[in-house]
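Scroll down for the structure; my scribbles are underneath it.
The values are calculated or read from the model by the stated rules, or taken from the named source; none is laboratory data. Remember, it's a predicted structure, so these values are computed and weren't measured experimentally. Cβ placement follows ideal geometry from the backbone for every residue including glycine, while neighbour counts extend to all protein chains displayed.
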Amino acid sequence: MSLLPRPRSLARVGAALTAVLALAATAACSPEDLMAATSADPTGAATDRAAPAQAGGTLNVLVAGNIATWDPQVMYPGPEAFFAQRTFVRTLTTYGTGEKERDLVGDLATTTGKESNGGKTWQFTLREGVTWQDGKPVTCEDIRRGVARTFDRTTHVAGTNYASFLLNVPTKVTAEGLEKPAYSGPKDTKNEKSFLKAVVCKGRTITFHLRTAERDFPHIVALPEFAPRQAGADADVKPAGQGGDDKKAESTEMQASLDVFSSGPYRLDGTWQPGKGGTFVRNEHWDADTDPVRKAYPDQIVVTTGLDEETVIERLLNQQGSDAQAVSWVQASPTLRNHAGTALQARLTFPYTGSVDYLALNMRSKVMSKEVVRKAFALSTNRATYVTATGGEGAGSPTWSILGPTISEAGLRPPKGARLEGDPEAARKLLEDAGVELPVKVRVVHAQSLLIDKAYAALEAGWERAGFEVERTSVKPEDYYKTIEKPSSVKDYDVFRGSWQPDVPSASGVLPALFDARINIDSTGPGQDVGYFDDKAVAKLMDRAQGTSGPRERAAIWADTDTLIRERGGYVALAATKVLHIHGAGVLHYDDHAVGGIVDVATVAVR
């Protein structure tokens, strides 16, 4: 088990803002306003899923806000990254389509990888005939160059960082006492040999040597972090703040981050315009025979950015002009489903996002360090009310575990006798029988929004009926995680709201990241283990799961791990979130991908 820090995904921040975005859409489209807008479909036609897909036409993508980067190594998993990976970014592996969306397939590679050395070595062979948009072949060296970029801490300021803690390269202890790789990216000639030993190229074969076994490595190389980078694609730009003209450097950095050099079916026509968008046209050098998933039906994809949520939803509802061939990943209010006519219903989808909300209990606080208090608090938590308060069915089933469908479609089942709406009376009796003095004071902190504030007020009512006296603090979403990950948080709060969307659809992307003290807790704070959960039995199960090769056997061990964490009071599950998406009636074969969470442009077509 590596003790290097695990990636600290910002996907959770996007998940924490889900309620805020949904609220904005609700404000933009109240039920009264929607009655007129949804009584009829302006095109007079519903989306025809059975119609044969044909090449041609223009797909429009409406984006709220701006795209921060198109640089694969700097992108976090999310809508923009998934869009990029279905259009112009290819990786060694990727996810299937349709009924096989959760199946991993070889993308740039011929297979999903060959394992050896007990899961510490992974080998991939590149397909023949895969080229860049200039016709040059995508090589093993291109992939190695892309991975090397993630070690450069002066430029790799975002994105996932699995390579830096998984690859078997020497490490050093920083001045802060943290263990980091000694190799620092493509310009580090001093430590380059160690990196080249960890990532070996031989013809069309690339071999990764890891420091510890990682059975989910084929899923990890599907992340944009492991995308190839063509030689010469990186300009020698001096970052802002390191001398020279800072404004010019910042402008150059921003534009470079938005440059697109394609290995997929589409290439950017001209340059990307920040705040406006760009047009993706067919990449003449893409060969469909080398691509197992991307159908690339539209002739071009026009992406419009700089919009607000209200404008996007209104355009999708009204479908004026080319908006009938438009899609978006902006979230509409779930109440829209209750007011939609038949034609509009055909244009609505309601997928799970992969994000889960949960409560982390502070194992080091005076209150929550007592097992009986943790059990009573969990028993009195009204998850059904939380779901209703955060958007009704839009928040998903409160019975899902933190693992979502990666372990079982049924998800977390509450302890025998427990009710989804909580049981405050039983929780109070549990406290009284244990001789706990009432009321029990607890300090709860959560991210701030009107919906979330309402949800926690509803939870507070149940907790107080059980004998808890609640002091509730709400923090602005942009400040929330830096607040709860401070070392002082262990003394300031007893219960934390958590929200998590895993980078890979596996328990290995959830449980260690949130509940393994060995890779989280140090002198700088709790990392993502905000409740300071530290359990040797759980750690042993995690190590066992990561060392088990059989997928079914590994999933069973992860399920046992999840159960033990919950039984020990590590978390209280709240909900798995769902979102409402709208698309134009001229969009065919629309599908919200189970892993990407948004429209799958690999298979969508237009008419």
Breaking point among (1) modelled with pLDDT under 90; (2) surrounded by 22 or more Cβ atoms within 10 Å (Cβ to Cβ); (3) touching a Lys or Arg at 6+ places or on another chain (Cβ under 8 Å), for residue 493: (1)
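Considering only region 117-147, state which residues are under 14 Å from residue 207 (Cα atoms) and of a type outside the set (Val, Ile, Thr).
117, 119, 120, 122, 123, 124, 126, 140, 141, 142, 144, 145, listed by residue number.
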Positions within region 169-205 being in a strand (DSSP E or B), of a type in the set (A, V, I, L, M), more than 27 Å from the chain's Cα centre (by Cα) and at pLDDT 95 or above, in sequence order: 200
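When you scan region 71-168 for helices (runs of 4 or more DSSP H) that lie fully inside it, which ones turn up with 2 or more residues that are closer than 18 Å to residue 259 by Cα?
Qualifying helices (runs of 4 or more DSSP H): 79-87, 140-149.
Picking from 359, 379, which residue would you name as being closer than 20 Å to residue 461 by Cβ, surrounded by fewer than 24 Cβ atoms within 10 Å (Cβ to Cβ) and assigned by TED's automatic domain parsing to the domain that holds residue 491?
359
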Qualifying residue in region 314-327 (condition: under 25 Å from the mean Cα position of the chain (by Cα) and assigned to a strand (DSSP E or B)): yes
Residues of region 74-86 classified as buried (at least 24 other Cβ atoms within 10 Å of the Cβ), more than 18 Å from residue 143 (Cα to Cα) and either without any contact (Cβ under 8 Å) to a residue 24 or more places away in the chain or touching a strand residue (DSSP E or B) at 6+ places or on another chain (Cβ under 8 Å) (or both), total: 1
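Okay, residues lined up against (1) under 23 Å from the mean Cα position of the chain (by Cα); (2) under 17 Å from residue 501 (Cβ atoms); (3) in a strand (DSSP E or B):
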site: 549; (1), (2), (3): no, no, no
site: 554; (1), (2), (3): yes, no, no
site: 560; (1), (2), (3): no, no, no
site: 572; (1), (2), (3): yes, no, yes
site: 590; (1), (2), (3): yes, no, no
site: 594; (1), (2), (3): yes, yes, no
site: 597; (1), (2), (3): yes, yes, no
Tally of residues being surrounded by fewer than 18 Cβ atoms within 10 Å (Cβ to Cβ) and within 18 Å of the chain's Cα centre (by Cα) across region 102-117: 2
Selected residue (only one of 90, 102 is within 22 Å of residue 300 (Cβ to Cβ) and of a type outside the set (Gly, Ala, Ser)): 90
Subset of region 496-517 that is part of a helix (DSSP H, G or I) and not polar (S, T, N, Q) - its residue that is nearest to the chain's Cα centre (by Cα): 509
Within region 530-547, tally of residues that are within 24 Å of the chain's Cα centre (by Cα) and over 25 Å from residue 378 (Cα atoms): 3
